[in-house]
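Chemist: Can you read through this structure? Questions will come right after.
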Amino acid sequence: MKINHYINYLALSLFLSTFLPTYLFAQTYGQNGMVVSDHYLASEVGVEILKKGGNAIDATVATAFALAVTHPEAGNIGGGGFIVYMKSDGDVTTFDFREKAPLAASPTMFLGEDGKIKDNSNHRGLLSVGVPGTVAGLYQAHQKYGKLPWKDLVEPAIQLAKKGFPMSWGLYKAALRMSEGDESWDIMKDYFRNADGEVVSPGEIWKQAALAKTLEEIKKHGRDGFYKGKVAAEIEAYMKANGGIITQEDLAKYEAVERKPVTTKFKEFEIFSMPPPSSGGVALIEMMNLLEAADISSVEFNSTAYVHLVAEAMRRAFADRAEFLGDPDFNPEMPVDKLISKDFAKARFENLDLKHASKSDSSKYGQLYGGDHTTHFSVVDKDGNAISMTYTLENSYGVKMGSSKLGFIFNNEMGDFNPIPGVTTSTGLIGSDPNLVAPEKRMLSSMTPTIVSKDGKPYLVIGSPGGRTIINTVFQTVLNVLVYDMRIDRAIEAMKIHHQWLPDQILYERNLLSPDTRKALEEMGHTLRPTTNIGVLMGITYDPNLKVYMGAADSSSEDGAARGY
Ligand code: DON
């Protein structure tokens, strides 16, 4: 290349990376702030709030409401989730707005006379709905730490619902599936249809008038706009008419809870993540400590030794998760401090055999995989406040039921409780006490919104959907950045595995783990199973030298995007 062409090329690259970063590169730069979410419009809403002087909490509230409109398979007001918030002074707190079991719930509520789960009722039908927490969580976080008025943060979502936005191909594929589904999916039948009764096609503007009205109530009345008044009355009426048990009393009693994060030191970093009722942070920290004890830094990424060590850490953390974790308000004796301690990690790896796979004891604990029907987003602002937020409806489009007058879909999060007391099987059922159903109890989650800091400043903001795979997806991405020095987009795309104690097998991303490595692992006694894709990560890292944020959305997200400014 001639030198003047080269200079032109450099100038053009600089121009593009400065002014059009978000559209052209896998990794996006932002000096003043960044939002990375599962929908480009929601990321843009968040960045606009930052530009108007909002802080990371304000941008989080606006992005979360926008995702409830643009990414309804998981973005929600009918579900729940978690926020991990690192303030610019390095202090970290969390908000727990996990759904709760209704007052009329009981440990055997899903069982038939034969003692088995009746009609998949912990995931299907209105008994599977937990009392939603999202609006309460966002409101509480905003009341405590927000800067801009609440109404300004709900308004962008109202506009997206009222005026509509173009249907993408990704959403269209789901729209076709949802519009022709199971007969119980009442709200889904017309959810994606236009005035002519057709499923809105790609490129056509999709509007959600009923959801816009519900959001108006929330804009006007804050949390009371959802948990009291018209909306709460309609929720109760809809539940009563369709076999649900959530009442206005359940709604009025719902409270989000601010909790201390779980944390550990790893190399020169500090890791902060979500405590119970999520199992994510405890298991993540246990695994980081296990790998530190096994000197992971000396092991090459993607080698046989790497996969073996990572899988053995997962096996142990998932067994402990199943045995010990549940809602802290119902399990005061939960040994969280022990599980996240360095000494426990050392002892837990004492029986590690570097040459052979351990065996999961099928008389003990485990549980089924999840899909990718949760959504994570990451936010940073110009002052260095950072937010990692994951929220969910449990399955894709939750229970696929809801009042068409309200325009939002309910979760089926009750399925995250252990459904059959005392029954734990090698195929994946867990029956341990800490996570049995009880009135007003929160079901155990795997969501793992996480922030890593260096020198008291956010260094990595990360999270993912994926049910139980979430914990392992986040774990490996944290390793990729902290141990293997990968830039954020590469760390997100790199090969991931999943082991969860039971079933006793390593799930790996097809085409990303060499056949030679697989053979070597099988010879060590591991069972391997391919899968298409693990996780949908949304991450931000910070370069302290350049003083710039870098964000990336997982390429497996249909409409996801990082937006920086
Ligand atoms: O809270 C949890 O761990 C799950 N309800 C998350 C669900 C998910 O990621 C996708 N699931 N199938």
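Chemist: Please pull out the direction-averaged projected area of the range 413-523, using the convex hull of its alpha-carbon atoms, in nm² to one decimal place. Mind showing how you got there, number by number?
Modeler: Values: hull surface 39.0 nm².
Dividing the Cα hull surface by four gives the mean projection, 9.7 nm².
Chemist: So if we plug the beta-carbon distance of Asp295 and Asp196 into 1/(1 + (r/R0)^6) with R0 = 60 Å, what FRET efficiency do we get, rounded to 0.05? It would help to have the intermediate numbers written out before the result.
Modeler: Numbers: r = 64 Å, r/R0 = 1.06.
It comes to 0.40.
Chemist: From the C-alpha gyration tensor of the range 240-295, pull out the three semi-axes of the equivalent ellipsoid (sqrt of 5λ each), sorted largest to smallest, in whole Å. Write out the running numbers ahead of the final one.
Modeler: Working: eigenvalues 304, 35, 6 Å².
Rounded to whole Å, the semi-axes are 39, 13, 6.
Chemist: Now, a different point. Suppose the chain between Glu113 and Ala347 were pulled fully straight at 0.36 nm per residue; how much longer would it get relative to their current alpha carbon spacing?
Modeler: Working: separation 234, 0.36 × 234 = 84.24 nm, distance 4.34 nm.
Value of the extension gain: 79.9 nm.
Chemist: Now, a different point. Given R₀ = 25 Å, what would the calculated FRET efficiency be for Lys163 paired with Lys189, taking r from the Cβ atoms and rounding to 0.05? Could the numbers behind the result be given before it?
Modeler: On the way: r = 23 Å, r/R0 = 0.94.
Computed FRET efficiency for Lys163 and Lys189: 0.60.
Chemist: Strictly over 25 Å apart at the Cα level, which of Lys87/Lys220; Lys144/Lys265; Lys265/Lys338 would you flag in this model?
Modeler: Working: Lys87/Lys220 28 Å; Lys144/Lys265 28 Å; Lys265/Lys338 15 Å.
Checking Cα-Cα distances, Lys87/Lys220; Lys144/Lys265 exceed 25 Å.
Chemist: A follow-up question, please. Extension gain Asn32-Lys230, at 0.36 nm per residue separation less the Cα-Cα distance, in nm? Could you put the intermediate results ahead of the total?
Modeler: Working: separation 198, 0.36 × 198 = 71.28 nm, distance 4.00 nm.
Residue separation times 0.36 nm, minus the Cα-Cα distance, leaves 67.3 nm.
Chemist: Still on this structure, please answer the following. Between Arg529 and Lys220, what length comes free when the chain is fully extended (0.36 nm per residue of separation minus the Cα-Cα distance, one decimal in nm)? Walk me through the numbers before you get to the answer.
Modeler: Values: separation 309, 0.36 × 309 = 111.24 nm, distance 5.06 nm.
Going from the current span to full extension adds 106.2 nm.
Chemist: Return P(r) of the chain (all Cα-Cα pairs; 20 Å bins starting at 0; whole %; ordered from short to long distances).
Modeler: Whole-percent P(r) values from 0 Å outward: 23, 57, 20, 1, 0.
Chemist: Would you compute, from DSSP H runs of 4+ residues alone, the mean residue ellipticity of the chain at 222 nm, taking -39500 (n - 2.57) per run and dividing by the full residue count, rounded to the nearest 500? List each step's numbers first, then the result.
Modeler: Values: 19 runs with 200 residues, N = 565.
Result for the chain: -10500 deg cm²/dmol, rounded to the nearest 500.
Chemist: Report the label-to-label distance for Ser358 and Gln505 in nanometres (one decimal), using points 7 Å from each Cα along the Cα→Cβ vector.
Modeler: Rounded to a tenth, the inter-label distance reads 2.1 nm.
Chemist: In nm, to one decimal, how far is the Glu180 label point from the Asp383 one, both placed 7 Å along Cα→Cβ?
Modeler: In this crude spin-label approximation the distance works out to 5.2 nm.
Chemist: Along the three principal axes, how long is the range 148-235 when you take its alpha carbons, biggest first, rounded to the nearest angstrom?
Modeler: Projected onto the principal axes, the Cα atoms of the range 148-235 cover 36, 29, 21 Å.
Chemist: I would also like to ask the following. Defining a contact as two alpha carbons under 8 Å apart and six or more residues distant in sequence, what relative contact order in percent does the range 169-260 show? Let's see the in-between values first.
Modeler: Values: 59 pairs, mean separation 13.5, N = 92.
With pairs under 8 Å counted, the relative contact order is 15 percent.
Chemist: How large is the dipole of the chain about the Cα centre if only Lys and Arg carry +1 and Asp and Glu carry -1, each at its Cβ, rounded to the nearest 20 debye? Could you put the intermediate results ahead of the total?
Modeler: Details: 58 positive and 69 negative charges, 175 e Å.
Using only the charged Cβ atoms, the result is roughly 840 debye.
Chemist: Among Gly281, Phe192, Gln208, which residue has its Cα positioned farthest towards the positive end of the charge dipole of the range 177-335, with +1 placed on the Cβ of Lys and Arg, -1 on the Cβ of Asp and Glu, and the dipole taken about the Cα centre?
Modeler: Toward the positive end, the furthest listed residue is Gln208.
Chemist: Here's something else I'd like to know. Separation between the Ser514 and Lys151 pseudo-spin-labels, each 7 Å from Cα along Cα→Cβ, expressed in nm?
Modeler: It is 6.3 nm.
Chemist: Sticking with this one: Reported to two decimal places, what Rg/Rh ratio describes the range 375-436 when computed on Cα atoms with Rh from the Kirkwood expression? Provide the component values of the computation, followed by the final result.
Modeler: Details: Rg = 17.3 Å, Rh = 14.8 Å.
When Rh is taken as the Kirkwood radius, the ratio is 1.17.
Here, each number is a calculation from the coordinates, and none is a lab measurement. Being a predicted model, the structure only gives us computed values, none of them experimental. Using ideal geometry, Cβ is built from the backbone for each residue, glycine included, and neighbour counts are taken over all protein chains shown.
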